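Asker: The structure follows.
The values are calculated or read from the model by the stated rules, or taken from the named source; none is laboratory data. All of these numbers come straight from a predicted model, not from anything done at the bench. We place every Cβ from the backbone using ideal geometry, glycine too, and count neighbours over all the protein chains shown. Surface areas here come from the heavy atoms of the whole protein model, side chains and all, with no ligands, DNA or RNA. Shrake-Rupley method; radii C 1.70, N 1.55, O 1.52, S 1.80 Å.
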Amino acid sequence: MKEILGIKLYNTEETAKMLGVTELTVRNYFNSGKMMGQKIGGALYFSEQNIKGFLHGDPLIQFTDEERKKLYAIGTTLFGE
């Protein structure tokens with residue numbers, strides 16, 4: 001688990017273990033739109049919101065506004081606007 005500005009993010013391996021599936025299955029969920037996630041520095045991460053959304057059958061549950069603002073701030077700091 002990685003925490004960025006108070007947002008808990010789980011990598012593909014950790015998410016797969018939580019769900020009892022393979023990492024490939026998690027990537028397939030992401031690529032097909034069944035599960036939302038975030039690519040950061042080339043790696044794929046899933047927030048608790050993303051995982052809960054998937055479990056509730058609503059893949060469009062994304063980051064909260066506060067989480068989005070924090071991630072946007074990180075992105076602009078690292079990569080510029």
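Asker: Got a number for carbon plus sulfur as a percent of region 8-55's accessible area, 1.4 Å probe? Please report the intermediate quantities before stating the final value.
Answerer: Values: 1260 of 2610 Å².
The value for region 8-55 is 48 percent carbon and sulfur by accessible area.
Asker: Show me 43-55, 9-21 ranked by packing, highest mean number of other Cβ atoms within 10 Å first. Don't skip to the end; give the middle numbers.
Answerer: Working: 43-55: 18.4, 9-21: 16.4.
Output ranking for 43-55, 9-21: 43-55, 9-21.
Asker: If you roll a 1.4 Å probe over the heavy atoms of the protein chains, what accessible area per residue do you get for region 1-52, in Å²? Before the final figure, lay out the partial values.
Answerer: Values: 2930 Å² over 52 residues.
Per-residue accessible area for region 1-52 comes out at 56 Å².
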